[in-house]
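Scroll down for the structure; my scribbles are underneath it.
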Amino acid sequence: MIYVVLLCPFCKSPRIVRANQKTALCYTCNRRFNTLNCRKLYSSDNLKVAMEMLKKVKTSRWNYF
């Protein structure tokens, strides 16, 4: 299974979803969005690696918007 770290198109909050998932719910703004139309930052077949990348995105000072 492949996991993807992506940004919510509404509030730009990062989130992990499965690659075959069509929609996701943002935990920050509580809006449902189509995962095919949003910015993907990282992908991995290992959930632990994807979680590390999510932490990196959340704590990073880089501008992902």
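Each value in this text was obtained by applying a stated rule to the coordinates, not by laboratory testing. The structure displayed is predicted, hence computed values, not measured ones. Every residue, glycine as well, gets a Cβ built from its backbone with ideal geometry; the counts of neighbours run over all protein chains shown.
Give or take rounding to whole Å, what are the principal axis extents of the alpha carbon atoms in the chain, in descending order?
29, 26, 17
Taking 8 Å as the Cα distance limit and 6 or more residues as the minimum spacing, I'd like the relative contact order of segment 3-59 as a percentage.
40 percent
What distance in nm separates the two pseudo spin-label positions at SER43 and LEU25, each 7 Å out from Cα along the beta-carbon direction?
Label-label distance for SER43 and LEU25, simple model: 2.6 nm.
Do any cysteines of the chain lack a neighbour Cys whose Cβ is under 4.7 Å away, and which are they?
Within the chain, the cysteines lacking a partner Cβ under 4.7 Å are CYS38.
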